[in-house]
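A short worksheet on the structure shown next.
Where a number appears in this text, it was derived from the coordinates with a stated rule and is not lab data. Here the structure is a predicted model, which means the values were calculated and not measured. Every residue, glycine as well, gets a Cβ built from its backbone with ideal geometry; the counts of neighbours run over all protein chains shown.
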Amino acid sequence: MSDSTAPAARRPRFLVMGCGAIGGVLTGALAESGADVTAVTTNEGIFAAVSDRGLKLVGEGASRSVRTKVALGTDGLASDEKFDYVLLATQPPQVEDAARTALPLLADDGAMVCLQNGLCEDRVAKIAGDHRVVGAVVAWGATMPEPGLYERTAAGGFTLGRIDDVALGASHGDLALALESVGPVELTDNLRGKRWSKLAINCAISSLGTIGGDRLGALMPHRFVRRLALEIMTEVVAVARKESVRLEKVSGTLDLAWIALDEVERQVAGSPSLFAKHGLLLAVGFRYRRMKSSMLSAIERGRTPAVDFLNGEVVDRARAHGIASPVNQAVRDTVWKIAEGKKAPGLPLLRELYEATGPHGA
C-alpha cells in the first residue's frame, strides 16, 4: 500500500537564459506543461512584448499566448534565488557571458544545459565545472518573426549527454521529462559524436541559409547549393576524424560518414552515389523547408553571427591538424562580410561563393 502521507517530489526550477526563437518556444512549452520556469532576456523589445501579452506561440497547434515569469537581465531576480537548471538559449557568441551571469543563481547540485549549435559545452565547463554541464542537441527549429512572437518551423526533440561521455543516467531524469514538453528526448553516452554530426549539418545549413538570405526550402532545390553543402560537410567530417570523434547519425537517419564526399566524388560532376547524396539533401531541405538561419536572424537584429563557433571552429581545428578546409574558410569570410555590410545575402552571393571555391568536380 502506498504511503499517502509521503511528500510530493519537488518540481525542478528552470531559468532560461535568452528569449530568442529557441528560448521562447522552450519557455512557452515548459510553462504550458506547468513547470516552474523563468525567462531572462537582455532585449528590451522582447521583454516589453512578453511582459505585455505573454509569449505568443504559432506554428504548432492553435495560436496562443503563454504567460510566465520574465526578467530583463538577472538583476530583476532575487539574489538568493536558486534554479535546478539553467537552460542556455542564447546564440553561441553570448553563451559564456550568459553562463557567468547565471552561475550565482544555479543550485549547488544543479546543471547548466547548452542548447547552442557548435561545441559550447567545453566553454561553459570552464565556467561551471564539467560535472555541472549537460549538452542538449536540438533537433527542431524555430524563428522569432517579431519580438515575443515565436514560430515552430520544424518538429523534433533533444539528445542529452555529458561532455565526459558518461551516461546521463537517472540524475537528470527530471530534465529529460520536462523537455518532453517540446519533443522526444534521447540520452547518449557519445555527446561528442552527436555534436560533431550536428556541427557538420549546421556549418552547411545555417551558414548557407545566411549567405543565401532565405529559408531552406527555397535554397536546397538548387544543385550548386547542395554541392556546397556536401563539400562543407566533407571538410567537417575530415576534421572530426582527426579529433577521433565517433560520428553518429543525425535524427537517426543522416549518416555524416556516408554523406561525406570521397576522393572520386570530389573530382566528378555526377555519379550514382552523388545522385543519392543530392537526393538525401533534397529530403532534408523539404523537411526543414520553413527553417530560417538563426545566424541570419542575428545579423538582421544587429547581433554578432555565430559563424566563428561553426565554420570558424572547423577552420581553426583543421589548421591545428595541418589539413585544409577552404570551403568552410570561404563561408566564414562571406558571413562576416554580410555582418559588416560589405555583401548582401541572396542566391547570387551563394553562386559567387560556389564559383570562387570551384571546380566542384568540373
From the Cα centre of segment 66-144 to that of segment 299-355, the distance in Å is 26
For VAL133, list long-range residues whose amide hydrogen, built 1.01 Å from N in the peptide plane, is under 5 Å from its own amide hydrogen.
MET112
For segment 285-362, what is Rg from Cα atoms divided by 2.2 N^0.38 Å, rounded to two decimals?
1.19
Please report, in whole Å, how far the alpha carbons of segment 317-362 spread along each principal axis, starting with the longest.
33, 29, 10
How large is the charge dipole for the chain, taken about the Cα centre, if only the Cβ atoms of Lys, Arg (+1) and Asp, Glu (-1) carry charge, to the nearest 20 debye?
980
Along the positive direction of the dipole of segment 12-165 (beta-carbon charges: Lys, Arg +1; Asp, Glu -1; about the Cα centre), which of GLY61, GLN94, PRO145 reaches farthest?
GLY61
Collect residues whose amide H, placed 1.01 Å from N in the peptide plane, falls under 5 Å from the amide H of VAL66; neighbours closer than 5 in sequence don't count.
LEU55, LYS56, LEU57
Taking the beta-carbon count within 10 Å as an exposure proxy, list MET233, MET144 from fewest neighbours to most.
MET144, MET233
To the nearest 500 deg cm²/dmol, what mean residue ellipticity at 222 nm is calculated for the chain from DSSP H runs of n ≥ 4 alone, each contributing -39,500 (n - 2.57), summed and divided by the residues?
-12500 deg cm²/dmol
Please give the charge dipole size of segment 12-168, origin at the Cα centre, charges +1 on K and R Cβ atoms and -1 on D and E Cβ atoms. Round to the nearest 20 debye.
360
Would you be so kind as to identify which of ALA71, LEU282, GLY183 lies farthest towards the positive end of the dipole of the chain, taking Lys and Arg as +1 and Asp and Glu as -1 on Cβ and the Cα centre as origin?
LEU282
Under 19 Å from the GLU263 label point (7 Å along Cα→beta-carbon), backbone N, segment 298-324:
322-324
Helix 326-339 versus the longest principal axis of the chain: what is the Cα-based angle in degrees, 0 to 90, to the nearest 10?
60
Computed about the Cα centre, the charge dipole of segment 269-330 from +1 Lys/Arg and -1 Asp/Glu charges at the Cβ has a magnitude in debye, to the nearest 20, of 320
Calculate how steeply helix 191-212 sits against the longest principal axis of the alpha-carbon atoms of the chain, using the helix alpha-carbon long axis, and give the answer as 0 to 90 degrees to the nearest 10.
70
Which percent, nearest 5, of DSSP beta bridges in segment 13-189 are antiparallel?
30
Considering only the chain, what is the antiparallel percent among its DSSP beta bridges, to the nearest 5?
30
Mind pulling the angle between the C-alpha long axis of helix 347-356 and the longest principal axis of the chain? Nearest 10 degrees, somewhere in 0 to 90.
60
Apply the Karplus curve 6.51 cos²θ - 1.76 cosθ + 1.60, θ = phi - 60°, to the phi angles in segment 18-25 and return the couplings in whole Hz, x for Gly and Pro.
x, 10, x, 4, 5, x, x, 5
Taking θ = phi - 60°, what integer Hz values does the Karplus form 6.51 cos²θ - 1.76 cosθ + 1.60 yield along segment 100-116, in sequence order, with x for Gly and Pro?
5, 5, 8, 3, x, 8, 7, 4, 4, 9, x, 9, 8, 10, 8, 9, 6
For the chain, compute the number of Lys pairs whose alpha carbons are separated by less than 19 Å, excluding pairs fewer than 8 positions apart on the same chain.
11
10 Å binning of all Cα-Cα separations within segment 218-362, expressed as whole percents from 0 upward:
10, 38, 41, 11, 0
Please express the shape of the chain as an equivalent ellipsoid: the semi-axes are the square roots of 5 times the eigenvalues of the C-alpha gyration tensor, given largest first in whole angstrom.
36, 23, 19
Relative exposure of ASP109, ASP333, judged by other C-beta atoms within 10 Å (fewest first)
ASP109, ASP333
